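To start, the structure itself, in structure tokens.
Values quoted throughout were computed directly from the atomic coordinates according to the rules given, and no laboratory measurement underlies them. As the structure is a computational prediction, the values presented were derived from the model and not from experiment. No Cβ is skipped: glycine too gets one built from the backbone with ideal geometry, and neighbour counts run over all protein chains shown.
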Amino acid sequence: MAIIRCNKCTLLAEQPDYLAGKNIACPKCNTPASVYPTLFFIEKLLDKYFDAQREVIRLKSTPLPENPIPAATTAGPSPCADIDLANTDFLANELQHGPIVDWFRKKQIKVQANPRNVDTSGFFDEVAEAIGSNLPVLKEVLERIRWSQQKEHASATISLDKKSPADAKAISAFCQQLYDFSFIAKCFHNKPENNVRVILQTAPAIREFFSGEWLEWHALMATLRYAKERKRRFSCTRGLNIVLSNGDPYELDVFMLIDGNTPICIECKSGEFRQNIDRYLALRKRLGVEARNFIMCVAGLSDDNARAFTAMYDLTFVSERELAKHLARLF
């Protein structure tokens, strides 16, 4: 059924579907009134509801100062000053994502966000930050686990024979952390053979994490810490699906909106990335994001190559270890 809404007498009533999109006389007061498709009417109603909810949150979180505050510092949700970013579901809701959804809709871009993708109550972020802080040493562990998963093997073995004592200790500690956080089912430290054998988990979320999603979590935490340290108001999301007006689909790995109007887009690549450069150049232009704010975070990328690629293309290339430093230079 369609829905009629009269602006004069406030009548709200059902009408036959064939009247949707037409103006008819209000059955109650005879004033011309529009008939809306039910889904369209509900979508508009929900838009107004969430807009009102976001305004309530903004007003509640904004103190009453003696001097006026510039508008840029009052846009969007309040900073997470008292939130433990590594252990919270505070950001995992539709209201927090609202400013991002609005930003894309104003550009006539369809958008679909999954609020759970920024829920840090689990251990994905902790393990990702551990990897990002020591990738040269831990890279082999990731590669062995990923390769074993692809081959449907039940376990993976990491040899420590040619490792320095410090690296061997770090690898052993990391594997133990994977077990403590249930990223692997079992962990055996084989001292006679000088290796670590891990029994793999088969849960899809764990497989995706080792296949490259860890870098998204690392980038997300870097942006969250950046915004919190600078007391910026922000909205953030991970794994955001968008569809451009020409039908081209994209998944944005990490997207943050600072002060309601300044976007930061981070694409995370733990494998080959060169074939994607043209695609992301076109996307950056379509979104209207400055080159310094559209970041290609490539795991293990050397500083020299990062500078060279940045000079060649209207994108910013960084490694996982340099991402936080680049964010610090943005504002």
Sorted by chain and number, the residues with a modelled amide H under 5 Å from that of Thr88, at a separation of 5 or more or across chains, are Thr120, Ser121
Ranked output for segments 149-162, 315-328 by mean other Cβ atoms within 10 Å, highest leading, reads 315-328, 149-162
Bounding extents of the chain in its principal axis frame from Cα atoms, largest first in Å, are 90, 48, 40
Given 4 °C, 1.567 mPa s and a Kirkwood radius over Cα pairs, the Stokes-Einstein diffusion coefficient of the range 124-205 in µm²/s is 101 µm²/s
With the 8 Å Cα cutoff and a minimum separation of six or more residues, the chain has a relative contact order in percent of 14 percent
Burial-style ranking of 218-226, 199-207, average other-beta-carbon count within 10 Å with highest first, yields 218-226, 199-207
Scoring the range 202-281 by relative contact order with C-alpha pairs under 8 Å, at least six apart, yields a percentage of 26 percent
With -39,500 (n - 2.57) per DSSP H segment of 4 or more residues and division by the full residue count of the chain, the 222 nm estimate, nearest 500 deg cm²/dmol, is -12000 deg cm²/dmol
Toy charge model, Lys and Arg Cβ at +1, Asp and Glu Cβ at -1: the chain dipole around Cα centroid in debye, rounded to 20, equals 640 debye
Length gained, Glu143-Ser155, 0.36 nm per residue minus C-alpha separation, equals 3.0 nm
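Would you mind checking Lys107/Lys228; Lys110/Lys269; Lys169/Lys269; Lys28/Lys110; Lys139/Lys285; Lys139/Lys325 for any pair whose Cα atoms are more than 32 angstrom apart?
In this structure, Lys28/Lys110; Lys139/Lys285 exceed 32 Å between Cα atoms.
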The range 210-331: spread of alpha-carbon positions along the three principal axes, whole Å, largest first, is 37, 37, 31
Low-density loop chymotrypsin sites (Phe, Trp or Tyr not before Pro), the range 99-163, at most 12 other Cβ within 10 Å, DSSP non-H/G/I/E/B, are none
Using alpha carbon centers only, the range 260-331 is separated from the range 87-104 by a whole-angstrom value of 23 Å
Here the alpha-carbon Rg of the range 145-289 over 2.2 N^0.38 Å rounds to 1.33
